[in-house]
Amino acid sequence: MSVSYRPVGWTRSKIVYDAVLIAGIGLYLAAFMRSAPRGRPAGTLLDDQSLAIKAYGSCAFLLLTLVLMIGPLARLDARFLPLLYNRRHFGVITCTVAAAHAMAVFDWYFAYSPLSPWVALFATDTTWGDLRGFPFIPFGLAAFLILLVLAATSHDFWLNFLTPPVWKSLHMSVYAAYGLAVLHVAFGAFQDARNAGLPVLVFGGSTVLVTLHLAAAWREHRLDRRGPVDATGWIAAGRIGDVPAGRGLVVPLADGSSVAIFREGDALSAISNLCAHQNGPLGEGRLRDGCVICPWHGYEYRLRDGCAPAPFTERVATYKLKLEADMILLDPKPNPLGTTVEPIAIGERGR
Amino acid sequence: MAAPAIIVALGQAWLLAGLAAGVAFLLFGLDRRDAAARGAYGFRPLLLPGLVLLWPLVLWRWLEPPSPSRQPSLRRSHKRAHALLWLGLACILPAILATALALRRHDIPVPASVRIDTGPSERDE
Ligand code: HEM
Ligand code: FES
């Protein structure tokens, strides 16, 4: 490791991101509190506590839906990538809103019970045998516990400590949290047929989510099947004109890895697209002095050998390239770490 | 003891064990385990909730001999798992929602509003 931990690695863009998000949440809650009472039939006015429970609950559900949209959106269109880089703050904020919902529930439903609120939480709502009136609170609690574990393990330390595969598996449980939240709402608030906005939020949200995730998976599946151009195993990575200025051309390979091809001046080089730190997308990084700067935490790698400049020690694999007219051919076998590959000159072809 | 009380007692025991393990790890384990933590103190309180919740995992990683430095990974893992998972969710979510809608009750009695406060209220006007 080459950087020491900080509580939060604040950058300007993260501050803006969080500010926009929190302002949006504030607007949503204020709008909900003002307009929801008006939409209800006469004689069914809600007390402020119930209103707060509904405002926080629906806000948490909306945020969970939105945060799960970021991944596939970024895979489908690179313009959404900036949303991805700060997704962890989004997750922690979602968990906080869910906690506000849960606390409002405790204060209203369980605070006046002679039992401790926690015992009361498990003691009510036990008609497990009947789908009608099926207990929905345990689903909400389980969803919240998952969000809590994910928020609590969102710091970089956890990724290193648990190792990336374990951390990723753990954080995949956010999908279980979403499923549980859907169950919580479906068997809870949904059962009251007077509630019209919520079905729209849940139906609409889940349809969009499923569509986006399947579309992103389908697109990657198609890209992954790009085969070699000839028997020697080189694959067609794209044309010289496809390499964006100042960024990398990301080439997904059949084995699930991906390579970033960069053009600096008149020369092309290729390195692994995954940062050695936390698999950040190097292909999205900026170039400076022959190095690519990882967009996530700023680690740098020299394009010619994939090594971080001294005193740092991180390395990523380099790949071999060659040109055929203006077509870039890529050898999909990674070089051993630290192998220097001279950038190939474009010459007249790139003009 | 009744089931709800047992669940709550188990939860409390879990958190207490987690607190002990978590504090011990912050004091004695962290610096040895992770070089980037040496000399960095501000972030430690942030770790405690996770240490408390996941203490068995923490003990497991703490006691395991440190692995030699890892090779950087070349592929994004879990891609296949993702695709399969969302195919599954594409079937399960509509099923849940359709069931819930079918069970929806239109006959919930609407209780008449009763004013319980004595002060002026703007909402009931
Ligand atoms: C400890 C955790 C939780 C508890 C005890 C809990 C409890 C409740 C209760 C009692 C209601 C019914 C409120 C009413 O009808 O007035 C409710 C509604 C709701 N909850 Fe939760 N919940 C929890 C977690 C969550 C989470 C994690 C989410 C979403 C991410 C969520 C989303 C909702 C939504 C959307 C509603 C419906 C609000 C409405 O009527 O418009 N809840 N919850
Ligand atoms: S992922 Fe952290 S610097 Fe690249």
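Worth pointing out:
- Test: residue in the stretch A:152-163 that is within 12 Å of ligand 1 (Cβ to nearest atom) and on the phi < 0 side of the Ramachandran plot: no
- Residue match in the stretch A:182-200 (condition: basic (Lys, Arg), assigned by TED's automatic domain parsing to the domain that holds A:Cys59 and without any contact (Cβ under 8 Å) to a residue 12 or more places away in the chain): no
- Test: residue in the stretch A:154-177 that is at the interface with chain B (Cβ under 7 Å from one of its Cβ atoms), assigned to a helix (DSSP H, G or I), within 17 Å of A:Thr96 (Cα to Cα) and in contact with a helix residue (DSSP H, G or I) (Cβ under 7 Å, 6 or more places away or on another chain): no
- For the stretch A:186-204, a tally of residues being more than 8 Å from chain B (Cβ to nearest Cβ) and either near ligand 1 (Cβ under 8 Å from one of its atoms) or assigned to a helix (DSSP H, G or I) (or both) returns 8.
- Restricting the stretch A:256-308 to residues that are within 15 Å of ligand 2 (Cβ to nearest atom) and polar (S, T, N, Q), the residue that is farthest from the chain's Cα centre (by Cα): A:Ser272
- Residues that are out of contact with any His (no Cβ under 7 Å at 6 or more places or on another chain), of a type outside the set (A, V, I, L, M) and within 14 Å of ligand 2 (Cβ to nearest atom) within the stretch A:310-327 comprise A:Phe312, A:Thr313, A:Arg315, listed in sequence order.
Let's see how each residue does on (1) under 30 Å from A:Leu209 (Cβ atoms); (2) modelled with pLDDT under 75; (3) part of a helix (DSSP H, G or I):
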residue: B:Leu46; (1), (2), (3): yes, no, yes
residue: B:Val58; (1), (2), (3): no, no, yes
residue: B:Ala81; (1), (2), (3): yes, no, yes
residue: B:Trp86; (1), (2), (3): yes, no, yes
residue: B:Glu125; (1), (2), (3): no, yes, no
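- Scanning the stretch A:275-294 for residues that are surrounded by fewer than 21 Cβ atoms within 10 Å (Cβ to Cβ) and in contact (Cβ under 8 Å) with a residue 24 or more places away in the chain returns A:Gln278, A:Arg286, A:Leu287, A:Gly290.
- Entry remark, the stretch A:52-86: residues being of a type in the set (D, E, K, R) and within 16 Å of ligand 1 (Cβ to nearest atom) number 1 in total.
- Selection within the stretch A:247-274 - within 28 Å of A:Trp218 (Cβ to Cβ) and of a type in the set (Lys, Arg): A:Arg247
- The condition of being of a type in the set (Gly, Ala, Ser) and surrounded by fewer than 18 Cβ atoms within 10 Å (Cβ to Cβ) holds for A:Gly233.
- Qualifying residue in the stretch A:16-36 (condition: assigned to a helix (DSSP H, G or I), within 14 Å of another protein chain (Cβ to nearest Cβ) and modelled with pLDDT under 80): yes
- So A:Cys307, is it of a type outside the set (D, E, K, R) and either surrounded by fewer than 20 Cβ atoms within 10 Å (Cβ to Cβ) or without any contact (Cβ under 8 Å) to a residue 24 or more places away in the chain (or both): no
The values are calculated or read from the model by the stated rules, or taken from the named source; none is laboratory data. Small disclaimer: the values here were computed from a predicted structure and weren't measured. For neighbour counting, all protein chains shown are included, and Cβ atoms are generated from backbone atoms with ideal geometry for every residue, glycine included.
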